[in-house]
1. Has the stretch 50-72 got at least one residue that is open to solvent by less than 90 Å² (accessible area, probe 1.4 Å), within 20 Å of residue 22 (Cα to Cα) and of a type in the set (Ser, Thr, Tyr)?
2. Sort through 37, 1 and tell me the only one that's farther than 15 Å from residue 74 by Cα and either modelled with pLDDT of 80 or more or among the basic types (Lys, Arg) (or both).
3. Working only within the stretch 34-49, note down all residues that are hydroxyl-bearing (Ser, Thr, Tyr) and open to solvent by less than 60 Å² (accessible area, probe 1.4 Å).
4. Contact list please: Cβ distance under 9 Å, first residue in the stretch 29-51 and among the charged types (D, E, K, R), second residue in a helix (DSSP H, G or I) and exposed (fewer than 12 other Cβ atoms within 10 Å of the Cβ), pairs at least six apart or on different chains.
Amino acid sequence: RTLPSAGLAFEVMSCGRLPGLLKYFKLHSNATSSELRQVYLKRAKQLHPDAVGRPSCHEFLELQKNFQEASDLLARQTTAQQGQQQWHQESRGPEPSPSHAPSQASPAVPVVGLQQT
């Protein structure tokens, strides 16, 4: 079996963009979707044109665009990682169950009634 190419394609496609987006949100490289959402909501409240009273909404629209892209990339990354984990588990095969585990060798039992002639 070969490793699914979806995970590799994801890594090549997003290797430069996701770290930059996480930096934009001031998050670490292993940030979760939940952490991203929390930062986004806080900044959205700060930048929303209705709350701030500015007619320009350029920064707010940029925030929304970056959040959507980062959120999508994190979701793809999670899906790719889960797919790779599943592939690795399937390629190893099932774990032996206790009933199929080798048992201690039983003592030799002599066969009675057979004689060599």
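1. yes
2. Numbers: 37 fails: farther than 15 Å from residue 74 by Cα.
Of the residues listed, the single one that is farther than 15 Å from residue 74 by Cα and either modelled with pLDDT of 80 or more or among the basic types (Lys, Arg) (or both) is 1.
3. So in the stretch 34-49, the residues hydroxyl-bearing (Ser, Thr, Tyr) come out as 34, 40.
Passing the criteria: only 40.
4. From residues that are among the charged types (D, E, K, R), the pairs are 45/51.
The values are calculated or read from the model by the stated rules, or taken from the named source; none is laboratory data. Being a predicted model, the structure only gives us computed values, none of them experimental. Cβ: placed from backbone, ideal geometry, glycine included. Neighbour counts: every protein chain shown. For the accessible areas, the whole protein counts, side chains as well, though only heavy atoms, and no ligand, DNA or RNA atoms are used. Shrake-Rupley method; radii C 1.70, N 1.55, O 1.52, S 1.80 Å.
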